[in-house]
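Participant: If you scroll down you'll find the structure; I have some questions about it.
The values are calculated or read from the model by the stated rules, or taken from the named source; none is laboratory data. The shown structure was predicted, so the numbers you read here are calculated from the model rather than taken from an experiment. Neighbour counts run over all protein chains shown; Cβ positions are idealised from the backbone, glycine included. What goes into the accessible areas is simple: the full protein's heavy atoms, side chains included, and nothing from ligands, DNA or RNA. Shrake-Rupley method; radii C 1.70, N 1.55, O 1.52, S 1.80 Å.
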Amino acid sequence: MKIFSTAKEAIEKLESNQTIMVGGFGLIGAPLTLIDELTQKDVSGLTIISNNLGEKGKGLGILVNQKKVKKGIGSYFTSNRDVGDAYQRGELELELLPQGTLAESIRAGGAGIGGYYTKTGVGTELSIGKEEKEINGVKYIFEPALTANVALVRAWKADTLGNLVYYKTARNFNPMMATAADYVIAEVDEIVQPGELSPEEIITPHLFVNGIVKAAKILTKDGVKSIG
């Protein structure tokens with residue numbers, strides 16, 4: 001586990017055409033510093049797995065406008081009109097998953113499960129092309145697990161070993177994404193020494209985390225603000 005001095009150093013290993021999981025619900029719990037640095041990096045053809053692709057001109061929305069995103073996999077794309085416009089122009093592929101299905105698919109990927117059967121989406125357009133199975137007289141569709149090359153997650157605190165603690169609803173998709181990627185970078189507000197975090201409050205153990213970096217951008221009631 002490495003403590004990076006800058007976000008630029010933290011995302012150095014990211015490459016074009018990778019699949020990247022990004023935590024957050026809207027901009028809440030999103031690793032805004034890492035996303036901002038990614039907008040400065042010369043990459044393209046990215047597949048982004050995230051609840052939504054940022055907001056208009058903010059967060060992952062900037063990457064969409066830069067045409068660095070080839071495909072988005074998520075649940076709530078309508079929060080950013082630019083995403084719909086890019087899709088209509090044929091510049092962006094979208095795979096829509098119900099929010100619980102998205103969460104469970106990521107959890108399954110982190111647990112080493114190949115996929116699972118769910119009733120959600122049966123008989124809708126979301127089931128087109130998916131395997132259907134009847135179990136105890138009930139129809140289910142098969143959903144494959146989701147994994148990624150890299151996960152960019154946002155936590156509240158980390159110790160120098162890489163154990164992570166989250167803050168309230170900013171926890172959202174971050175913990176499960178930290179289990180489902182080959183390389184995990186955590187953006188945090190504070191880095192403390194081992195033993196300063198209570199074992200009961202640690203959500204993501206250090207064995208899932210490859211690197212941490214302190215946040216340089218935070219979300220306030222007035223929008224995204226640079227700090228430090």
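Participant: Please give the solvent-accessible surface of residue 64 in Å², to the nearest 10, using a probe radius of 1.4 Å with every protein chain present.
Facilitator: Surface accessible to solvent at residue 64 totals approximately 10 Å².
Participant: Whole number please: convex hull volume per residue, Cα atoms of segment 94-211, in Å³.
Facilitator: Dividing the Cα hull volume of segment 94-211 by its residue count gives 125 Å³.
Participant: On the full set of protein chains, 1.4 Å probe, figure out the accessible area of residue 190 and give it in Å² to the nearest 10.
Facilitator: Accessible area, nearest 10 Å²: 80 Å².
Participant: Using +1 at the Cβ of each Lys and Arg and -1 at the Cβ of each Asp and Glu in the chain, identify which of 32, 102, 80 lies farthest towards the dipole's positive end.
Facilitator: 80
Participant: Restricting to DSSP H runs of at least four residues, report the calculated mean residue ellipticity at 222 nm for the chain, -39500 (n - 2.57) per run over all residues, nearest 500 deg cm²/dmol. Intermediate values should be presented prior to the final figure.
Facilitator: Details: 6 runs with 44 residues, N = 228.
So the helix-based figure for the chain works out to -5000 deg cm²/dmol.
Participant: Among the listed pairs 68/221; 71/157; 8/214; 8/157, give every one whose C-alpha distance is greater than 22 Å.
Facilitator: 68/221; 71/157
Participant: Only four residue types carry charge here, +1 at the Cβ of Lys and Arg and -1 at the Cβ of Asp and Glu. Report the dipole size of segment 37-159 about the Cα centre in Debye, rounded to the nearest 20.
Facilitator: Dipole size: approximately 240 debye.
Participant: Quick check: the distance between the Cα centres of segment 165-206 and segment 1-71, to the nearest angstrom?
Facilitator: 18 Å
Participant: While we're looking at this one, here's another question. Once you list every other residue whose beta carbon is under 11 Å from the beta carbon of residue 163, what net charge do they have if Lys and Arg are +1 and Asp and Glu are -1?
Facilitator: -2
Participant: Calculate the FRET efficiency for residue 79 and residue 135 from the Cβ-Cβ distance with a Förster distance of 22 Å, rounded to the nearest 0.05.
Facilitator: For R0 = 22 Å, the calculated efficiency reads 0.05.
Participant: Amide H to amide H, which residues 5 or more places from residue 154 or on other chains are under 5 Å from it, using H placed in the peptide plane?
Facilitator: Close amide H contacts, sequence-distant or interchain: 23, 187.
Participant: Give the lysines reachable from residue 139 as a straight Cα distance under 17 Å; neighbours fewer than 8 places away on the same chain don't count.
Facilitator: Those lysines meeting the cut-off are 119, 130.
Participant: Another one. Rounded to the nearest 10 Å², what accessible area does residue 21 show when all protein chains are kept and the probe is 1.4 Å?
Facilitator: Near enough 0 Å² of accessible area.
Participant: Return the percentage of antiparallel bridges among DSSP beta bridges fully within the chain, rounded to the nearest 5 %.
Facilitator: 35 percent
Participant: Within the chain, which whole H helices from DSSP have a Cα span along their axis of at least 24 Å and a mean Kyte-Doolittle hydropathy of 1.0 or more, if any?
Facilitator: Span-like helices in the chain: none at all.
Participant: Sort 140, 167, 117 from largest to smallest accessible area, using a 1.4 Å probe on the heavy atoms of the protein chains.
Facilitator: Correct descending sequence by accessible area is 167, 117, 140.
Participant: Below 12 Å, Cα to Cα, which aspartates and glutamates can residue 168 reach? Residues fewer than 8 away in the same chain don't count.
Facilitator: Partners within reach: 201.
Participant: Now a separate question. Skip the ligands, DNA and RNA, and give the accessible area per residue of the chain with a 1.4 Å probe, whole Å².
Facilitator: Working: 11260 Å² over 228 residues.
On a per-residue basis, 49 Å².
Participant: Next question. Given Cβ point charges of +1 (Lys, Arg) and -1 (Asp, Glu) and nothing else, what value in debye, to the nearest 20, does the dipole of the chain about its Cα centre take?
Facilitator: Dipole of the chain, to the nearest 20 debye: 360 debye.
Participant: Report the full-extension gain for the segment residue 119 to residue 8: residue separation times 0.36 nm, less the Cα-Cα distance, to one decimal in nm.
Facilitator: Full extension of this stretch gives 35.7 nm more.
Participant: Given +1 on the Cβ of Lys and Arg, -1 on the Cβ of Asp and Glu, and no further charges, what dipole in debye does segment 137-228 carry about its Cα centre, rounded to the nearest 20?
Facilitator: My answer is approximately 380 debye.
Participant: Roughly what would the spin-label model give for residue 39 and residue 67, points 7 Å off Cα along C-beta, in nm?
Facilitator: 1.8 nm
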